[in-house]
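Below you'll find the structure, written out as structure tokens, and then a few comments.
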């Protein structure tokens, strides 16, 4: 995640095949990304930037007030992403915040959180795997487990049609036409999907293994093929059934031994 823009810049300077720098920035800068998504007419949370943690309360008014979600402008994962329910809670958070910013402030979107992972080549989706997180990622701070289950297109055809429509148009808005992606969205009661964010890399956890065993697609091989502009690699045999992954937590303590 943290090398996407750097690799694009090195590629541009060295004359090597790489993501165009504006595409890399759109896949990393969350406010730039949301602006492009909104301009394409896709549903996503209202958002604004705050230069410092102390600016959070003023910025919250620009996105409709509390509750809000605050995250680094170019972060990764949910570690530094928080939900703040009031100005007092925001002030307490700001006083104990070691990071300087800038921050993305966005309205809190309800609904179950899903992720869509796959491959796009020449603007065409080759693989689109839709998974539901066991718990919305922001709830990890309250003890929720990080994990997801991959849903099958045969059992969820309507969801896949909706996800493929959102993903196709979102990637087009970001001009991400060759590579892999990890997109997150929130499912609403009417089954629409609200765009959350999108990265131009393989999803974390064991998403790569779940996609391989569910769809026969090795996302790492496809990422390399897209970077080298070589044909898409063949699919691997699939095992069938429903697969997922979960990170199990352990009690706090000092690690005394660990397997190699």
**Q.** Proxy reagent accessibility, fewest Cβ within 10 Å first, across 183, 151
**A.** 151, 183
Q. Using every alpha carbon pair in the range 74-219, what percent of pairs falls into each 5 Å bin from 0 up to the bin containing the largest distance?
A. 2, 9, 18, 21, 19, 14, 9, 5, 3, 1
**Q.** Sum of -39500 (n - 2.57) over DSSP H runs of 4+, divided by residues of the chain (222 nm, nearest 500)
**A.** -9000 deg cm²/dmol
Q) What whole number of Å gives the distance from the Cα centroid of the range 235-257 to the Cα centroid of the range 13-40? A) 31 Å
Q) Over the chain, what relative contact order in percent results from Cα pairs under 8 Å that are six or more residues apart? A) 18 percent
Q.
Could you give me D for the range 46-107, from Stokes-Einstein at 25 °C and 0.890 mPa s, where the hydrodynamic radius is the Kirkwood radius over C-alpha pairs? Units µm² s⁻¹, please.
A. 221 µm²/s
Q: Take the Cα pairs of the range 165-250, get the Kirkwood Rh, then feed it into Stokes-Einstein at 25 °C and 0.890 mPa s and tell me D in µm²/s.
A: 168 µm²/s
Q: Compute the long axis of helix 4-14 from its Cα atoms, compare it with the longest principal axis of the Cα atoms of the chain, and write down the angle in degrees, 0 to 90, nearest 10.
A: 60 degrees
Q. Using 7 Å Cα-to-Cβ label points, what is the residue 248/residue 110 separation (nm, one decimal)?
A. 3.4 nm
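Values quoted throughout were computed directly from the atomic coordinates according to the rules given, and no laboratory measurement underlies them. Everything numeric in this text was worked out from a predicted model, so none of it was measured. A quick note on method: Cβ atoms are made from the backbone with ideal geometry, for glycine too, and the neighbour counts reach across all protein chains shown.
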